[in-house]
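The structure under discussion appears below in the form of structure tokens.
Each reported figure results from applying straightforward, stated rules to the coordinates on display, with no laboratory input. Remember, predicted model here, so these are calculated numbers, not experimental data. Cβ placement follows ideal geometry from the backbone for every residue including glycine, while neighbour counts extend to all protein chains displayed.
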Amino acid sequence: MNPSSLRSRRTLPLLALAMSVVAATTFMSQDASAQADDDFPKVLSPALESKTFEGEVNIKVGYKYLISLPEDFGKDPAKKWPLVVFLHGAGERGDDLRRLQKHGPPKLVANGKKIPAIVVSPQVPAGDVWNPYGVKALTDSVVASHPVDMDRIYLTGISMGGFGTWDTVFAYPDFFAAAVPICGGAGVKSVMAQKIKNLPIWVFHGAKDPVVEPGNSQRIYNSLSKLGAPVKLTMYPNLQHDSWTVTYDSQEMWDWLFQQKRGVVAK
């Protein structure tokens, strides 16, 4: 798609944000424990390409990102959409956005799944880890240029992105409607569980994970449970590190997620 055609698209606000968002075209996806990258998708269907765009928000951490629009986006100009923010694992770091399509929501979208939400997937530069302030700044830039329902902003991530999910909700406990951290952990922040005791969280981990200790998820779950927080834990008894594929393939998880609204806990 050439630059002139991009100017005519509904995503033009990406080019004129106060935070200087630079957009390009095309949609591109990978895992928490670095894996071979030889099988990146090389060609996208026109339908997917017409709904998904690359961008970069120029903040100190400078995250590039992918943003995917729901099927009916734009049909009702007054409609506000849920927003799902996905944080990848360590293996997807770099400056090649195609890495992001190997796992999680970007992979589902690339394979044709219709997610009824705006999905934004930032990418951490090589050698970096997730910065919760950068995640929030990127989210704010998307909110500024898209019709987002501010009471239905969700955060999820895998492995390094699972840790990033915990770090970000601790930094902004009242911003998100719900969180789904997968095979991550909150570390020492478990002692600060009180701070996020009102946030609906569904934690997932493989009980045989050799990369990230399952106890990381168990400890923060225990801390939140003692406070009566709206937290759930699914510990897959036979899974190792990849506990995200089955989780994101679960319609039950998506149904639970989209039921959550900021300030209102849905069972």
Worksheet item: By counting other Cβ atoms within 10 Å of each Cβ, how are ASP151, ASP209, ASP76 ranked from fewest to most?
Response: ASP76, ASP151, ASP209
Worksheet item: Which value in nm describes the separation of the simple spin-label points at VAL188 and PHE175, placed 7 Å from the Cα toward the beta carbon?
Response: 2.2
Worksheet item: Looking at this model, which pairs from LYS80/LYS232; LYS114/LYS197; LYS79/LYS197; LYS80/LYS114 are more than 24 angstrom apart at the alpha-carbon?
Response: LYS80/LYS232; LYS114/LYS197; LYS79/LYS197
Worksheet item: Under a point spin-label approximation (7 Å from Cα along Cα-to-Cβ), what is the ASP72-ALA144 distance to one decimal in nm?
Response: 3.0
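By the scheme Lys and Arg +1, Asp and Glu -1, what is the net charge of all other residues having a beta-carbon under 9 Å from that of MET160?
Local net charge: 0.
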Worksheet entry | HN-Hα J in Hz across the range 171-181 - Karplus 6.51, -1.76, 1.60, θ = phi - 60°, x for Gly and Pro | 6, 9, x, 10, 8, 8, 7, 6, 9, 10, x
Fill in: Other-chain or far-sequence residues with amide H under 5 Å of ALA186's (modelled H)
ILE220
Response to the item:
Taking r as the C-beta separation of LYS261 and LYS114 and R0 as 25 Å, the FRET efficiency to the nearest 0.05 is 0.75
Worksheet item: Full extension from LYS80 to SER225: what is 0.36 nm times the residue separation minus their Cα-Cα distance, to one decimal in nm?
Response: 48.9 nm
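Given a Förster distance of 22 Å, report the FRET efficiency between VAL129 and GLU213 from their Cβ-Cβ distance, rounded to the nearest 0.05.
The computed FRET efficiency comes out at 0.80.
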